[in-house]
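The structure under discussion appears below in the form of structure tokens.
The values are calculated or read from the model by the stated rules, or taken from the named source; none is laboratory data. Keep in mind that this is a model prediction, so the values were computed, not measured. Here the Cβ positions follow ideal geometry from the backbone for every residue, glycine too, while neighbour counts run over all protein chains shown.
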């Protein structure tokens with residue numbers, strides 16, 4: 001199991017290390033408007049090493065219409081997940097609880 005923070009999934013030395021490690025699970029807390037780079041990086045990690053990539057994306061303050069998180073995996077008999085992200089917003093700040 002591994003964790004990469006936001007763009008460490010697809011940029012720089014952390015991304016290169018992840019491709020060599022091939023963890024079973026990768027959790028990526030993020031705060032991005034769009035998740036294109038994260039989705040592009042998740043697919044080869046799964047295709048080459050079977051990594052299940054779970055990106056928990058938090059809404060950026062002041063941005064409307066962000067992409068929530070995603071889980072990249074292939075459903076097959078021995079590899080399934082029912083993971084889901086639920087966010088609870090507080091009106092007095094921009095914090096979200098992900099469970």
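Quick notes on this structure:
- Residue 59, sole failed condition from (1) buried (at least 16 other Cβ atoms within 10 Å of the Cβ); (2) touching a helix residue (DSSP H, G or I) at 6+ places or on another chain (Cβ under 6 Å); (3) at pLDDT below 90: (2)
- Test result for residue 43, modelled with pLDDT of 80 or more, surrounded by fewer than 18 Cβ atoms within 10 Å (Cβ to Cβ) and outside any strand (DSSP E or B): yes
- Test: residue 18 is assigned to a strand (DSSP E or B), touching a helix residue (DSSP H, G or I) at 6+ places or on another chain (Cβ under 9 Å), in contact (Cβ under 8 Å) with a residue 24 or more places away in the chain and over 16 Å from residue 68 (Cβ atoms): no
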